[in-house]
Amino acid sequence: MKVTVENIKGLNKDIKVFIDKKTMNDHMDEKYEEIKKTVNLKGFRPGKVPKEILKRQFGEAIFSEVLDKVLKDTSVKALEDNKIKPAGQPKLDLKTYGEDKDLEYVMSVTELPKVELKSVENIKYDEYSVKIEVNETDKRIKEIAKSQNNFKDVDDDVKAADGNSVVFDYKATIDGKIFTGNEGKNTQLILGKDLFIKGFDKQLAGVKKNDERSVEAVLPENYPQKEFAKKKANFVCKILAVKKSEDVKIDDDFAKNLGAKDLVDLRLLVSKQINDEYKNSLDKLAKTQILNEIEKFKVDEIPGNLIEEEVKTLSQGMSEEDIKKSKKNFENVAKKRIKVGLILNEFGEQNKIKVTEQEIQAEVQKQLRMMPGQEKMVMEFYQKNPSALASLRGTVYEEKIIDLIKKKAKPNKKEISKEEAEKILKEHQKQEHNHDHEHDHSEEKKTVTKKVATKLRSTMKPQAKKSKVKKVSKK
C-alpha cells in the first residue's frame with residue numbers, strides 16, 4: 001500500500017491510497033477460497049466448485065465485499081500511520097477499481113487541530129461546603145411529619161368537614177343503568193382537595209359513619225370507557241369511616257418509620273440531604289467556572305464541518321429568515337462550544353479516561369430512579385435509541401473528565417451558610433438568564449463534551465462513492 005498525504009487548506013487534507021493489482025487479486029483469491037467452503041451448487045460436491053464457476057455466478061458480489069473490506073482496513077491504517085484524527089466522516093473517491101485492476105482512491109478528510117493543553121493545576125474554582133444549622137434540620141423534619149397522613153377515626157356522631165378523610169363504598173348508575181367501573185370499595189377522599197371527580201367531595205361534607213348519601217357528578221373526559229365520558233352519574237355512597245388528621249409525633253418511632261435508627265440518626269440524614277441538595281447545585285456552578293477557564297486555552301483552528309453541524313443543532317426549528325439573522329452569533333457560540341469540547345476530549349485521551357459498560361448501566365439506573373412508575377418506558381427508550389445511549393455515555397465521559405480536572409486543579413474551599421448558598425445560586429441564575437439571548441450560557445456549556453467530544457471519539461467509517469452490488473448468497 002502506498003500512501004501520499006496532500007495538505008489542501010488548513011486542516012483539510014487529501015490522502016491518496018494506492019493498492020497494486022496483485023494485492024487485490026490475493027484478497028479476491030482468499031475470498032473465493034472462503035466462499036468455496038460454504039456454497040452449494042447443483043452438480044458439484046461441497047467445497048469442490050471451480051473458481052471460474054464461482055467467478056461467473058458470484059464475481060460481482062464477491063468483489064463488492066472485498067472492496068468494502070479493503071477500503072475500510074486501508075483507510076483506517078492510512079489515518080493511523082499518519083497520526084491523523086478526522087473531525088467527522090472522511091469521504092472516499094474511487095479513482096481506479098475493478099477485478100484484476102489496481103485500486104486507487106482519494107480520502108478527503110478534515111483533521112482535528114492539535115490541542116496544546118495548559119497545566120490544569122492552574123485552574124481555579126470555588127468549592128463550597130454548606131453549614132446546615134440545627135433549626136434548618138428541625139424545620140425540614142417538621143415539614144416531613146406534616147406531609148405524613150396520620151388519620152384517626154372520630155366518634156360515630158362526628159360530621160365530616162374539610163381536611164377530614166372519608167372512607168366509603170359506592171355504586172353508580174347513569175340514567176338508572178349500571179356501567180363499566182361503576183363500583184368502588186374502601187375509597188378514601190380527603191375533603192376539600194377535590195381529587196376524585198370534580199365537585200364530588202363537597203357533596204360528602206357533613207356525613208357521619210354508617211350514613212348513606214347520593215352524589216351526582218359528571219364523569220371526566222379521560223374516563224377509560226369513552227362512551228361514558230362526560231356523562232352525569234349518580235353515586236350511592238355508604239360511609240364506612242370518618243377520620244381526622246392528627247399531628248405526627250416526632251420521636252424515635254417516627255424516625256424508624258422513615259428508615260433511620262432513631263431521631264438523632266434522622267437529624268444527621270436530613271442534614272446531609274439538605275447539604276447535598278445545595279452541593280449538587282454549587283458543584284454545577286464550579287463546573288461552569290472550570291469550563292470558563294478552559295475556554296481561555298488556545299486552539300489555532302476550529303474545523304469548519306464541525307461548526308456547520310453545531311450551527312444546525314443550534315438553529316433547529318427556526319425559520320430560514322431567523323437563522324440568517326442569527327448565523328454569525330450561532331457560529332461564534334459553535335466555535336466556543338467545539339473549542340471546549342476539543343480541549344476536554346484531548347485531556348480525556350491524554351489521561352486515558354474510559355467509560356465502562358457498568359458505568360453506563362449505573363447511569364441508566366440513575367435515570368430510572370428519577371422517573372418512578374415510568375421505568376419500563378425509559379428502558380425501552382434507551383433500547384430503541386442507540387443515539388440516546390451514546391449521549392448518556394458522553395454524560396459519564398464528561399463528568400469523569402471534570403472530576404479529574406477538579407482533583408488536579410486548585411479549589412478555593414469555602415464554608416458558607418444556607419442563606420449565602422441561596423444568594424450565590426440566585427446570582428448565578430441571574431447571570432445565566434442575562435446570557436440566554438446570546439445562546440452561550442452555562443447550561444449549554446455543560447453539554448459541550450456530550451455533543452462534541454463524544455462525536456469525535458466515535459469510530460469513523462469512511463464511505464466510498466461507488467455503485468451498490470448485492471451480497472453473495474451462500475445457499
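The values are calculated or read from the model by the stated rules, or taken from the named source; none is laboratory data. All of these numbers come straight from a predicted model, not from anything done at the bench. Cβ placement follows ideal geometry from the backbone for every residue including glycine, while neighbour counts extend to all protein chains displayed. The accessibility values were calculated without ligands, DNA or RNA, using every heavy atom of the protein model including side chains. Shrake-Rupley method; radii C 1.70, N 1.55, O 1.52, S 1.80 Å.
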Surface accessible to a 1.4 Å probe, per residue, for the residues of the chain, Å²: 62 Å²
Solvent-accessible area of Arg393 with every protein chain in place, 1.4 Å probe, in Å² to the nearest 10: 70 Å²
Surface share of carbon and sulfur [accessible, 1.4 angstrom probe, percent] for region 35-164: 46 percent
Members of Lys249/Lys418; Lys296/Lys328; Lys114/Lys327; Lys91/Lys325 lying beyond 25 Å, as alpha-carbon distances in this model show: Lys249/Lys418; Lys114/Lys327; Lys91/Lys325
Built amide H within the under 5 Å cut-off of Asp126, gap 5+: Asn412
Spatially proximal aspartates and glutamates relative to Lys152 (Cα-Cα < 12 Å; intrachain offsets below 8 disregarded): Glu246, Asp247
Given charges at beta-carbon only (K, R positive; D, E negative), |dipole| of the chain in Debye: 2000 debye
Accessible surface of Glu52 - all protein chains present, 1.4 Å probe, nearest 10 Å²: 110 Å²
Spatial separation of Cα centroids for region 39-78 and region 141-209, in angstrom: 76 Å
For peptides 132-140, 341-349, 245-253, sequence by mean Cβ density within 10 Å, most packed first: 341-349, 132-140, 245-253
Formal net charge of residues neighbouring Ser214 (Cβ-Cβ distance under 13 Å; K, R +1; D, E -1): +1
Ellipsoid semi-axes in whole angstrom, largest first, where each is sqrt(5λ) of the Cα gyration tensor of the chain: 63, 37, 22
Contour minus Cα-Cα distance for Asp20 and Asn150 (0.36 nm per residue): 38.3 nm
Entries in Lys202/Lys256; Lys48/Lys69; Lys77/Lys324; Lys139/Lys243 that, when Cα-Cα distance is taken, lie over 30 Å: Lys202/Lys256; Lys77/Lys324
Cα-projected label distance for Glu359 with Lys410, points at 7 Å along beta-carbon direction, nm: 2.8 nm
The chain: relative contact order as a whole-number percent, Cα under 8 Å and 6+ apart: 21 percent
Proximal aspartates and glutamates relative to Lys384, as straight alpha-carbon distance under 18 Å, when same-chain residues fewer than 8 apart are discounted: Glu357, Glu363, Glu375
Karplus (6.51, -1.76, 1.60) ³J(HN,Hα), θ = phi - 60°, over region 112-125, in Hz, Gly and Pro reported as x: 5, x, 6, 10, 8, 7, 6, 6, 5, 4, 8, 5, 10, 8
Cross-link pairs Lys118/Lys336; Lys146/Lys366; Lys36/Lys72; Lys287/Lys426 - those with Cα-Cα distance over 20 Å: Lys146/Lys366; Lys36/Lys72
Given charges at beta-carbon only (K, R positive; D, E negative), |dipole| of region 312-385 in Debye: 360 debye
Added length on full extension, which subtracts the Cα-Cα distance from 0.36 nm per residue, Met371 to Lys384: 2.9 nm
Cut-off 12 Å between beta-carbons: net charge of the residues surrounding Asp162, Lys and Arg +1, Asp and Glu -1: +2
Reachable aspartates and glutamates, given that their alpha-carbon falls under 14 Å from the alpha-carbon of Lys406 and they are not under 8 places away in the same chain: Glu121, Asp126, Glu127, Asp283, Glu293, Glu398
